[in-house]
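Peer 1: My structure is below; once you've seen it, I'll send some questions.
The values are calculated or read from the model by the stated rules, or taken from the named source; none is laboratory data. Remember, predicted model here, so these are calculated numbers, not experimental data. Note: ideal-geometry Cβ built from the backbone for every residue, glycine included; neighbour counts use all protein chains shown. Remember, those area values only see protein heavy atoms, side chains included, never the ligands or the DNA or RNA. Shrake-Rupley method; radii C 1.70, N 1.55, O 1.52, S 1.80 Å.
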Amino acid sequence: MNTRTINVTVNETPQQREVSVSTALRDFLRDDLDLIGAKAACQDGMCGNCTVLVDQRSVKSCLVLAAETHGAEVTTIEGLGDRTALHPLQRAFAENFAAQCGFCTAGMILTSVELLERNPSPTLQEVREGLVGNICRCTAYVSIAEAVLQAAAEMRGETPGAADATTSAGGER
Amino acid sequence: MSIIENPSTTFGAVRTVGEPTAGMFRTDGYVGTSVPKKDSRELVTGKARFTSDIKLPGLVWGRLLRSQHAHARITSIDTSKAKALPGVLDVVTAADLVATGIKNQYQWNAIPDMHLICDKAHFVGDVIGAVVAETEQLADDALQLIEVEYEVLPHVLDAEEALRDDAPVIHENVPGVDGNVLGRHRVKVGDMDKAMAEADVVIKRRFRTAKQQATPMESHQAQAQFDDDSGRLTVWSSTQYVHGLQAQIAAAVGLPISQVRVIKPFVGGGFGHKIGMHSHEGMAAIFAMRIGRPVRIAMSREEEYFTASRNGTICDVELALKKDGTLLGWKERIIADPGGHSNYGMAFLVLTTSLRPGPYNWQALDMEAVAAYTNKCPNSAFRAFGNPQATYVRESMLSIAAKEIGMDPWELRVKNAIRQEQLPMTTMNGLKLETLAIQDCLREAADVVNYKEIQQNKPKWRGVGVASTLHWSSCRWDSDLDADSGATIVQMMMDGSCKVFTDAADSGQGHTTIFAQIVADELGIPVDRVDVIMADTDKVPFGLGTWGSRSAVIQGTSTKRAAANVRGQLFNVAAHMLEASVDDLLIRDSKISVAGSPDRFVNVADVAIAMHLSKSKLPPGMEAGNIVGSATYDTPTELPSDHPDGIGHISVNYQASTHIAVVDVDPETGDIDIVDYGMSDDVGRLLNPALVKGQLLGGFAHGLGFAWGEDEEFGEDGSPLNFDFTGYQIPTFTDVPYFTNDQMRVVQTYDPAVPDGQKGAGEVGLVCPAPAIAAAVADAIGVAITEMPMTPAKILKAIRERAAAAGAPAA
Ligand code: FES
Ligand code: FES
């Protein structure tokens, strides 16, 4: 088996590990580090359930090789917030009933972290478009959009409020 | 986290029809409020462990060998090369299982055609062998090394063709199966000749419904571990019904049920596809016993499409009605396509016919349903099982009829829908209705979209569609399962906190939270002092699990009963301590007090500790011990298959729903844009409004997929064509319209059939989107599409054909 030694910082902990050159980051995180927050719902980058942050950018970890993260900083859902304080997005997801089965939740939250990093004041439509690569089968996405908008407001220092509900029922095929 | 006290902050409006029976339930408790979902924190921190997140030391990987052909006899299967691959631990075929005394046959299946491993291929993807190896990659490699020789047989993919005399027979020598017919069900009530004779109009149409796949984000997964020393087999599975799986596995491997433990970890969506045993679960257990190592078998996304899907149907309908819109007769021949194995194919016939009349008054019903095997992926239960097809066909017919007689389609429904003053009633097909606020749902949904106004001012290519339905809250469905039960044990600890054990299997709906609310109210304790344990056969009592919109109603009621039992025990002791009568006691705010004298009270915790540790404080003769209340609940329902007319009261109560879609169709592309949408539902009493909303919306998105494009497609040779998220597209964030609270209205009823007055809510949202959107598209383009799904290509074709027929350009 063709392997490589990588140095990668995962959730602020430096790791030195030997990985197969063909191992996906997702499987490295899940199998080698027991960071099971990244979920596997497909093989081909189509669901977003495996999303993690690599150097602050959201990536589908099934499409990235573990070996490619040599020298990088990886953040998984386990690295967001801490035991005493949830990240505002985590709290907003919980408060808005945005996690039903919860299988898509980590990917949704981590994609939203990057989204809000780039655009702290997204409109509803920008949230919807920003999360289009993350599939959820349970929620119809409404509660998720509400959660992201609430977290955005809170992170901007505004009082958390209900989602802007002016645009409605405007889905496009 | 804040509790949303007022449900109308969750929905656009919550109107209530009818009053609860006096003393039916308390209204100052947690039930009725949006208590935050109890498992939220585990889910948002990523700590929640789903089946394949559980690491077992020494875990090895199983994989299933699947048939390459739609229909073939296996003439030889050589596993020697696979077995010789280093790291491969075991390889088995159907013959190997039988040779070692494994019962390679599903128990308690209406038709004995289900095997863990088949010795004949009935569809592309049928399981014909299995391997287990040290790694997933090695298991995959081993599959490639198994040499199979097939005698390819003619196959049939269309259920109607499968009924022909010259069709290839898919299952031979299976008791109860005649040719490709795995079963029939007939409903015949009222005088159809009279209905036809009195009709001003009789409309005939043929419909086809799609083979949708539930597509939970977590695919089917199982892990099994066998301990030689204790003789105990443990199975972790992403399942909805642990006791059913436990019994099936025990029967397969020949262990007593008591030696098999099935645990449901967190489940990433089930939607019906995860009921009952599947080959991967049985084979994980068998391998674990054969090789003495823990074994995982996880379905790939592709394999999901070989594992389960919705029944397809071909429906020929005749609808008889009067010019004034009065519905008279519904006559239908339904050919169901269950695919290559029976699974729930028989139950489908009974249930879909039971729901076909919908929430309307009729004078005659005549339905003949037949299920015919085809060489395709087998059917499974799937969210609203049988109703999406039934409602799509019925509501499409009603919209076509309204147009034909020149009546507004909404008015036609209002005219025929069951009215408040008819209740309580027994419908023509035997459903006993105590509450059904369908008239209110119709009005509320119309109000959301300003129905009258929008009908009068429609630009070209805009259409409006209405659909209504009636749906069950759990159901009794086939003679092999003449039960509709759930169970709960409530145990009070000595500090007054509670543990609740139930067979219900939450896969995201939030039952854990609802049951905690019910127990907290019954025992007057804070909701965060109630912990709910679910779906682990070593811990929870026997029940039928979670499916069919049942758990809030079924296990909700067994939970209420078990908690009431505990309350009775507490009152017995408190009455002694307070020197009061049991009948005068109240339980609130962690205290038991005497009604009218709030100063005379004892803390729940003091009663609890006394019952555990202080015999001297208890009534004379009472022993110290545990505080455990145990209850089951089985509904007072009937089996239509036992009735000569094929009818019966299948569900404890019934929900009502109306959806109205306003869509614009792009005549150039066939794309649909939903410009407005209103939904209104009677799902009984709202136990937790925010959770109910999540279910209704989630159902809508599933229904949108059913309407717009989800359909398993097959090549001529029976190979599946769309088995990943690129080929089989499910609605994304921007596909699903963003619903505001205003667009969702709830009509609350207090159904007296169960003590909390609730109905189910997990499925009904899926039922109306397809017919509402289909009717809106038909209204926009002037012609109804009667084959699902309504892809842009089909819409475009319909526009062009209509234009050609009219001799005009399309747009
Ligand atoms: S698992 Fe990576 S995108 Fe689906
Ligand atoms: S919450 Fe279940 S997939 Fe999103």
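Peer 1: If each DSSP helix of 4+ residues adds -39,500 (n - 2.57) and the sum is divided by the residues in the protein assembly as shown, what number results at 222 nm, nearest 500 deg cm²/dmol?
Peer 2: -8000 deg cm²/dmol
Peer 1: Still on this structure: Send over the Kirkwood Rh of segment B:554-708, from the inverse of the averaged 1/r over different Cα pairs, rounded to one decimal Å.
Peer 2: 20.9
Peer 1: Taking every pair of alpha-carbon atoms in the protein assembly as shown, what share in percent sits in each 20 Å bin, from 0 to the bin with the longest distance?
Peer 2: Final binned percentages: 14, 45, 35, 7, 0.
Peer 1: By what distance, in whole Å, do the Cα atoms of segment B:121-207 stretch along each of the three principal axes, largest value first?
Peer 2: Answer, in whole Å and largest first: 71, 28, 23 Å.
Peer 1: Sticking with this structure for a sec: Just the accessible area for B:ARG567, please: 1.4 Å probe, Å², rounded to the nearest 10?
Peer 2: For B:ARG567, solvent-accessible area is about 70 Å².
Peer 1: Something else about it: Kindly state, as a whole number, the per residue volume in cubic angstrom of the convex hull around the alpha carbon atoms of segment A:47-97.
Peer 2: 91
Peer 1: With equal scatterers on the alpha carbons only and no solvent term, can you work out the Debye log10 of I(q)/I(0) for segment B:242-304 at 0.20 1/Å?
Peer 2: -0.86
Peer 1: Translational D (Stokes-Einstein, µm²/s) of segment B:434-523 at 37 °C and 0.692 mPa s when Rh comes from the Kirkwood sum over C-alpha pairs?
Peer 2: 179
Peer 1: So for the pair B:ALA95, B:GLU453, with labels modelled 7 Å out along Cα→Cβ, what separation do we get in nm?
Peer 2: About 7.5 nm separates the two model spin labels.
Peer 1: While we're looking at this one, here's another question. Considering only C-alpha atoms, what is the centroid distance from segment B:125-140 to segment B:557-602, in Å?
Peer 2: Comparing the Cα centres of segment B:125-140 and segment B:557-602, I get a distance of 58 Å.
Peer 1: For a 27 Å ceiling on Cα separation, which of these pairs sit above it: B:LYS81/B:LYS264; A:LYS60/B:LYS211; A:LYS60/B:LYS55; B:LYS204/B:LYS759; B:LYS47/B:LYS759; B:LYS37/B:LYS539?
Peer 2: Too far apart for the 27 Å limit: B:LYS81/B:LYS264; A:LYS60/B:LYS211; B:LYS204/B:LYS759; B:LYS47/B:LYS759.
Peer 1: Expressed as a fraction of 2.2 N^0.38 Å, the rule-of-thumb size for a compact globular protein of N residues, what is the C-alpha radius of gyration of segment B:621-706?
Peer 2: Normalised Cα radius of gyration, segment B:621-706: 1.87.
Peer 1: Starting from the Cα coordinates of segment B:412-564, work out the convex hull volume and express it per residue in Å³.
Peer 2: It comes to 189 Å³ per residue, whole-number rounded.
Peer 1: What longest range of chain B stays clear of loop-exposed GluC sites (Glu not before Pro) (DSSP non-H/G/I/E/B, at most 14 other C-beta within 10 angstrom)?
Peer 2: Counting at most 14 other Cβ atoms within 10 Å as exposed, the longest clean stretch of chain B is B:173-578.
Peer 1: Next up: At q = 0.19, 0.21 Å⁻¹, what is the base-10 log of I(q)/I(0) for segment A:3-80 according to the Debye formula with one equal point scatterer per Cα and no solvent? Please give it to two decimals.
Peer 2: Scattering profile of segment A:3-80, log10 relative to I(0): -0.68, -0.84.
Peer 1: Dividing the alpha-carbon radius of gyration of segment B:485-634 by 2.2 N^0.38 Å (N being the number of residues), what value is obtained?
Peer 2: That ratio works out to 1.06.
Peer 1: Roughly how many Å is it from the Cα centre of segment A:74-94 to that of segment B:373-407, as a whole number?
Peer 2: That distance is 44 Å.
Peer 1: Mind pulling up the Rg/Rh value for segment A:88-155? Radius of gyration and Kirkwood radius, both on Cα.
Peer 2: Rg divided by Rh gives 0.90.
Peer 1: Taking every pair of alpha-carbon atoms in segment B:32-141, give the share separated by more than 18 Å as a whole percent.
Peer 2: Percentage above 18 Å: 64.
Peer 1: Taking the Cβ-Cβ separation of B:THR135 and B:SER719 as r and a Förster radius of 22 Å, what is the calculated FRET efficiency to the nearest 0.05?
Peer 2: Efficiency for this residue pair is about 0.20.
Peer 1: Then there is this: Rounded to a whole number, what is D in µm²/s for chain B from Stokes-Einstein with the Kirkwood radius over alpha-carbon pairs (20 °C, 1.002 mPa s)?
Peer 2: Translational D for this selection: 77 µm²/s.
Peer 1: Whole number in Å², please: accessible area per residue of the protein assembly as shown, 1.4 Å probe, ligands, DNA and RNA not counted.
Peer 2: Ligands and nucleic acids excluded, the figure is 34 Å² per residue.
Peer 1: Between B:ARG333 and B:ARG800, what length comes free when the chain is fully extended (0.36 nm per residue of separation minus the Cα-Cα distance, one decimal in nm)?
Peer 2: Contour length minus Cα-Cα distance gives 165.1 nm.
Peer 1: Quick one: Debye curve from the C-alpha atoms of segment B:574-629, no solvent, what's log10 I(q)/I(0) at q = 0.18, 0.21 Å⁻¹?
Peer 2: For segment B:574-629, the Cα-only Debye profile gives -0.59, -0.78.
Peer 1: Could you give me the percent of Cα pairs per 5 Å distance bin for chain A, shortest bin first, beginning at zero and ending with the bin that holds the maximum distance?
Peer 2: 1, 9, 18, 21, 19, 14, 9, 6, 3, 1, 0, 0
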